[in-house]
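J.: Pasting a structure below so you can have a look.
Derivation of every value follows stated rules applied to the coordinates shown; laboratory data play no part. The shown structure was predicted, so the numbers you read here are calculated from the model rather than taken from an experiment. Counting neighbours? That spans all protein chains shown, and the Cβs are built from the backbone with ideal geometry, glycine included.
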Amino acid sequence: MGDEGQNSRIADVPATQADPIYGIGDVVALTGISAFTIRYYDKCGFFPNLHRDKRGVRTFSEADVAQLHLVEALRKSGLSIEGIQYFVRLCRRGDTTRAERLSILRAQETVLEYQREELDESLKRLHAATVDLEAAERSQGHGML
């Protein structure tokens, strides 16, 4: 079968961590991600190997939790649902897609670094305005910018 499906998880986690051990409530507690969001991500196909018991209840492994963390990071970086679905499909195709996956991850890192710079600049401006307003209030007892 070549390398098709050999790297079907987004996060590279040893196979020993692939046994399902967590229920959705456990995963919520571990990650802080809501059960609603986790179920939505599952419906989007972000966990193609997610185990379900005979009643259909989701059971998560360490690898699934690691994958959830990466999916959440990709979402927070601004990657669309469709973009993450594409990324997951690349993962399922195996090592031959490693360069493309790396390119996607680097692009999203760049997006976050730019956003961080913008947030840092906004924080500096807010801090300066706060300092000015506090100084005006101390010197006059009240005041506006």
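J.: Provide Rg over Rh for the stretch 32-88; use the alpha carbon set for both Rg and the Kirkwood Rh (inverse mean inverse pair distance).
T.: 0.96
J.: Can you pull the one-decimal nm distance between simple spin-label points at residue 100 and residue 124, each 7 Å off the Cα toward Cβ?
T.: Label-label distance for residue 100 and residue 124, simple model: 4.0 nm.
J.: Give, rounded to the nearest 20 debye, the magnitude of the charge dipole that the stretch 37-145 has about its Cα centre when Lys and Arg contribute +1 at Cβ and Asp and Glu contribute -1 at Cβ.
T.: 860 debye
J.: Which residue, 46, 57, 32, has the largest displacement toward the positive end of the dipole of the stretch 22-62 when charges sit on each Cβ (Lys, Arg +1; Asp, Glu -1)?
T.: 57
J.: Hey, how many Å between the Cα centroid of the stretch 95-125 and the Cα centroid of the stretch 36-57?
T.: Value for the Cα centre distance between the two parts: 28 Å.
J.: Still on this structure: Using alpha-carbon pairs under 8 Å, 6+ residues apart, how would you state the relative contact order of the stretch 29-145 in percent?
T.: Relative contact order of the stretch 29-145: 16 percent.
J.: Find the all-direction average of the projected area of the Cα convex hull for the stretch 28-145, expressing the result in square nanometres with one decimal place.
T.: That works out to 11.0 nm², a quarter of the Cα hull's surface.
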